[in-house]
Amino acid sequence: MLSPRIRRLKLDYESLQQRFAGWPVIRMVGTAGMPPELYRFEYSLRGLYVAADGSILERNQHLLEVNLTLGYPRRAPQCRMLTPVFHPNFDDSSVCIGDFWAASESLDDLIIRIGRMIAYQEYNTKSPLNGLAAKWAAQNPQLLPVDPQPVAPPLAQQSELAIAPPPPKTVPNARPSLQPETAAPEYDPWSGKIIIS
């Protein structure tokens, strides 16, 4: 029988494969372990970094490493960027996810959230790892987000991969409805800009 941690690791791996299959913005480019405990993700979106001369420049490719330690999922994954990122919640050795990590959060949602952070769709200037980036973000809100494209796969793509729901039940001797059924628009929790300042 598998331990709860191994079951969670397997579930995370399957969820990541399913959610990001064919999605060009986030790609899983490497794993270690079976089930994986170490991941590498490549983001294809605009973010910022500081050049050697001190200027702030854009970068379109970013590489993230995620380590699921023995304390996972009770303890947050260790996340670090392998490419430089200029952001209030990133430093050279880590990504600050402590403000929102909970054991109930899925790993695929965390990967999306970090992508949204790279694109400055989410940032926290109140408890920054990089004070200079926090000051820059507070002074330049008109430039943010640096990449407004959706980071999460569209809900339609995700639902195509899910198991189809059962057909609606029919009620005997029920009168047919005269009003056509219209589907309510799906709410996308990743569609807004989140700023904590």
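The values are calculated or read from the model by the stated rules, or taken from the named source; none is laboratory data. On a predicted model such as this, the values are computed, not experimentally measured, just so you know. Glycine gets a Cβ as well: all are built from the backbone with ideal geometry, and neighbour counts include every protein chain shown.
Before moving on, here are some points about what is shown:
- Check on Glu58, out of contact with any Ser or Thr (no Cβ under 8 Å at 6 or more places or on another chain), closer than 23 Å to Pro150 by Cβ and assigned to a loop (DSSP other than H, G, I, E, B): no
- Taken together, Leu110, Leu129 contain a single residue that is assigned to a loop (DSSP other than H, G, I, E, B) and out of contact with any helix residue (DSSP H, G or I) (no Cβ under 7 Å at 6 or more places or on another chain), which is Leu129.
- Checking Pro154, Pro145, Pro168 one by one, the residue that is at pLDDT 90 or above and more than 18 Å from Pro88 (Cβ to Cβ) is Pro154 and no other.
- Segment 117-146, residues that are surrounded by fewer than 22 Cβ atoms within 10 Å (Cβ to Cβ), of a type in the set (D, E, K, R) and touching a residue at least 24 places away in the same chain (Cβ under 8 Å): Lys126
- Leu16 within 16 Å of Glu65 (Cβ to Cβ) and surrounded by 14 or more Cβ atoms within 10 Å (Cβ to Cβ): yes
- Condition met for Ser44 (modelled with pLDDT under 95 and either on the phi < 0 side of the Ramachandran plot or among the hydroxyl-bearing types (Ser, Thr, Tyr) (or both)): no
- Picking from residues in segment 90-102 that are under 15 Å from the mean Cα position of the chain (by Cα) and either more than 13 Å from Arg116 (Cβ to Cβ) or among the aliphatic types (A, V, I, L, M) (or both), the one that is surrounded by the fewest Cβ atoms within 10 Å (Cβ to Cβ) is Ala102.
- Hits in segment 87-120 (condition: among the aromatic types (Phe, Trp, Tyr) and more than 20 Å from Leu38 (Cβ to Cβ)): Phe100, Tyr120
- Out of Tyr39, Tyr120, sole residue that is under 26 Å from Ser15 (Cα atoms), modelled with pLDDT of 95 or more, part of a loop (DSSP other than H, G, I, E, B) and not acidic (Asp, Glu): Tyr120
- The number of residues in segment 66-89 that are in a loop (DSSP other than H, G, I, E, B) and either among the aliphatic types (A, V, I, L, M) or under 16 Å from the mean Cα position of the chain (by Cα) (or both) comes to 8.
- Flag if Ala103 is in a loop (DSSP other than H, G, I, E, B), farther than 27 Å from Gln149 by Cβ, among the small types (Gly, Ala, Ser) and touching a residue at least 24 places away in the same chain (Cβ under 8 Å): yes
- Total residues in segment 19-36 satisfying the condition of being within 15 Å of the chain's Cα centre (by Cα), surrounded by fewer than 16 Cβ atoms within 10 Å (Cβ to Cβ) and not in a strand (DSSP E or B): the figure is 2.
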